[in-house]
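Encoded as structure tokens, the structure appears first; notes follow it.
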Amino acid sequence: MLAQNLRELVRDGLVDRAVEPTRPPRVTYSLTALGAQLAARVHGLLVWVGDHTPEVLAARERHDRQAS
């Protein structure tokens with residue numbers, strides 16, 4: 001599953017794949033500029049979720065109380 005996901009990320013231009021001619025072959029993955037831009041946006045979303053989790057949980061509790 002990991003290999004499949006990495007192939008898709010390479011295909012999408014988010015990750016670079018470099019194969020070193022060693023025995024056994026060594027493969028290195030790194031973010032492309034596009035991948036780094038996406039990572040920064042995802043990081044911002046995760047920070048927002050972390051900052052607002054108490055509010056979301058409180059809203060769920062209010063909703064569940066009203067629905068029952």
Seminar exercise, completed: Taking region 38-68 and the residues there that are of a type in the set (Gly, Ala, Ser) and in a helix (DSSP H, G or I), the one that is modelled with the lowest pLDDT would be Ala67
Seminar exercise, completed: Arg17 passes all but one of the listed conditions (1) touching a residue at least 12 places away in the same chain (Cβ under 8 Å); (2) out of contact with any strand residue (DSSP E or B) (no Cβ under 6 Å at 6 or more places or on another chain); the exception is number (2)
For this session: Could you check Gly35 against (1) surrounded by fewer than 10 Cβ atoms within 10 Å (Cβ to Cβ); (2) assigned to a helix (DSSP H, G or I) and say which number it fails?
Result: (1)
Problem set entry | Of the criteria (1) in contact with an Asp or Glu (Cβ under 8 Å, 6 or more places away or on another chain); (2) surrounded by fewer than 10 Cβ atoms within 10 Å (Cβ to Cβ), which one Pro54 fails | (1)
For this session: State whether the residues of region 19-27 include one that is hydroxyl-bearing (Ser, Thr, Tyr), exposed (fewer than 12 other Cβ atoms within 10 Å of the Cβ) and over 13 Å from the mean Cα position of the chain (by Cα).
Result: yes
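The values are calculated or read from the model by the stated rules, or taken from the named source; none is laboratory data. In this text, all values refer to a predicted model and were calculated from it rather than measured experimentally. Counting neighbours? That spans all protein chains shown, and the Cβs are built from the backbone with ideal geometry, glycine included.
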